[in-house]
Amino acid sequence: MSLRVGRGFDPLAALAEEPLAGRASPARSRLRSQALALARSEALVEAAYSYCIVALEEPVTEWLCAGTERLHAPWLLPAAGRLTAIACGACTLGPLLERRVAELFAERRASLAVALDQLGNEALMAVGRRAQDRIAADVARRGLTMAGELRAGDPGLALEAQAAVLRLAQAETVGVSVNASHLMLPLKSTSMVLGVGVDLPAAQWSRCDHCPTRDRCTVPARAASAQAAAGNAG
């Protein structure tokens, strides 16, 4: 189990280039621009991620045994191929942005507070995509494949698994912890578990499958736009 850590990158860069026309009113676009300028001028985002690829004990069952941890994650069991490991990751923006959001609410600048909070959510998703890209590249270098994504609290992985996932990801390295209510701290943090193995087929499910807002969700479109912007910049 080898730890990988990423720091010193700017998840706001792609968000700044993301087009807003067609998905927000002029007022919301203006607020988002103000939130982006505030986040930049006050250096509110301290993006970081950590991950580990952890071998599974044989035989592999719906209770995945990784080191001293056990995760009940039957969704990760593939229809073909062989699951041999899991990649556990933790991503965060650090504590500064959430503190600034609280200050803005206290100052009765609720609209800007909401815009900054939403910008934080987008930035955290960008950090998560970066971490997954790095995990995928790491997995490929080992001659393995990766399929499926679960997050504690979604269907397929109980919220109670959060602490184990963070321990496997060595999340304390990037300042992420979990409290007694399974809430990650800083609040703008997320975790992930991905299947790793030999000849794994593409997962036929998504953690978004059971979301009640799936049909009107704009996250996939924003993710594709951000990835395209990042590719053009490179």
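Look at (1) over 20 Å from SER191 (Cβ atoms); (2) surrounded by 14 or more Cβ atoms within 10 Å (Cβ to Cβ); (3) at pLDDT 95 or above; (4) not acidic (Asp, Glu) and you find that SER29 fails only one, number (3). When the range 77-106 is filtered for residues that are more than 30 Å from ARG30 (Cβ to Cβ), at pLDDT 95 or above and crowded, with 16+ Cβ neighbours inside 10 Å, the ones remaining, listed by number, are LEU83, THR84, ALA85, ILE86, ALA87, CYS88, GLY89, ALA90.
The set of residues in the range 36-46 that are under 21 Å from the mean Cα position of the chain (by Cα) and surrounded by 15 or more Cβ atoms within 10 Å (Cβ to Cβ) comprises LEU36, ALA39, LEU44, VAL45, GLU46.
Search the range 52-66 for residues being in contact with a strand residue (DSSP E or B) (Cβ under 6 Å, 6 or more places away or on another chain) and surrounded by 14 or more Cβ atoms within 10 Å (Cβ to Cβ), and hand back the single one that is farthest from ALA90 (Cα to Cα).
VAL60
Selection within the range 62-96: residues that are part of a loop (DSSP other than H, G, I, E, B) and out of contact with any Lys or Arg (no Cβ under 9 Å at 6 or more places or on another chain). The member of this set that is nearest to VAL45 (Cα to Cα) is ALA73.
Residues that are within 25 Å of ALA80 (Cα to Cα) and in a strand (DSSP E or B) within the range 144-181 comprise THR145, MET146, ALA147, GLY148, GLU149, LEU150, listed in sequence order. The set of residues in the range 178-205 that are under 15 Å from CYS88 (Cβ atoms) and either polar (S, T, N, Q) or surrounded by fewer than 19 Cβ atoms within 10 Å (Cβ to Cβ) (or both) comprises SER189, THR190, SER191. TYR49 satisfies every condition listed in (1) surrounded by 15 or more Cβ atoms within 10 Å (Cβ to Cβ); (2) within 24 Å of ARG130 (Cβ to Cβ); (3) free of Cβ contacts under 8 Å to residues at least 12 places away in the same chain except (3). Of all residues in the range 107-121, those that are at pLDDT 95 or above have Cβ atoms under 6 Å from Cβ atoms of residues that are among the β-branched types (Val, Ile, Thr), 6 or more apart or on another chain, in ALA113/VAL101; LEU116/VAL101; ASP117/VAL101.
Would you confirm whether or not the range 154-173 contains a residue that is modelled with pLDDT of 95 or more, among the hydrophobic types (A, V, I, L, M, F, W, C), closer than 20 Å to ASN121 by Cβ and exposed (fewer than 15 other Cβ atoms within 10 Å of the Cβ)? Checked the range 154-173: at least one residue is modelled with pLDDT of 95 or more, among the hydrophobic types (A, V, I, L, M, F, W, C), closer than 20 Å to ASN121 by Cβ and exposed (fewer than 15 other Cβ atoms within 10 Å of the Cβ).
The values are calculated or read from the model by the stated rules, or taken from the named source; none is laboratory data. Only a predicted model underlies this, so the values are computations on that prediction, with no experimental measurement involved. Note: ideal-geometry Cβ built from the backbone for every residue, glycine included; neighbour counts use all protein chains shown.
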